[in-house]
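Structure, as structure tokens:
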Amino acid sequence: MDHNVPRAITEGLRLRDIDVITAYEDSADDMNDPALLDRATELGRALFTKDTKVKVQYRSELGTGAVLHVAEASGGEYNVDVIFEKDGRRFLETFPKNVLIPVADIFQRYQNNESDHPTDFF
């Protein structure tokens, strides 16, 4: 479980006798998702992450990024810092909130009948 997953999800899985380990328990809480995926592979485990993912309307070449920070700008608008990873390099860009498109996580896809129940993957 990556460090952004709420404790309630981790505990809920454990109550269902699903063997999970958190990044914190593995002393890996400072790793980014690609490094955590490598670590999970090394351990023979799946990685579950709960970052807020977005795409930029007019910058499809960036792919999907993770929201790092949201700050109020002048005039009541919001700017969003988004971190992207491409070719093994991470980079940060800032966009107005209104040009970002949320990317549904596995729970949202389940609620929209676009995916099986998340615990079915364990």
| query | Which residue fluctuates the most in the chain, going by a Gaussian network model with Cα springs under 10 Å, if the choices are D105, D26, D81? | reply | D26
| message | For Cα pairs less than 8 Å apart in space and 6+ apart in sequence, what is the mean separation divided by the residue count of the chain, i.e. the relative contact order in percent? | response | 19
| field | Residues with amide H under 5 Å from that of V103, placed H, sequence gap 5 or more | value | K53, V54, K55
| field | Over the chain: helical MRE at 222 nm, DSSP H runs n ≥ 4 each giving -39500 (n - 2.57), nearest 500 | value | -6000 deg cm²/dmol
| task | On a 0 to 90° scale, report how tilted helix 33-43 is relative to the longest principal axis of the chain, with both axes built from alpha carbons and the result rounded to the nearest 10. | result | 10
| What fraction of the Cα pairs in region 1-50, stated in percent, has a spacing above 12 angstrom? | 59
| request: Take the Cα coordinates of the chain, assign each an equal point scatterer, and use the Debye formula without solvent to give log10 I(q)/I(0) at q = 0.09, 0.13, 0.19 Å⁻¹. | output: -0.31, -0.63, -1.17
| task | With a point put 7 Å past each Cα toward its Cβ, work out how far I21 is from S74 in nm, to one decimal. | result | 5.1
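Can you put Y24, Y58 in order, fewest other beta carbons within 10 Å first?
Sorted ascending by nearby Cβ count, the order is Y58, Y24.
All of the numbers you see were taken from the coordinates with simple rules; none came from a lab. Because the structure is predicted, anything quoted here is derived from the model rather than measured. Backbone-built Cβ (ideal geometry, glycine too); neighbour counts: all protein chains shown.
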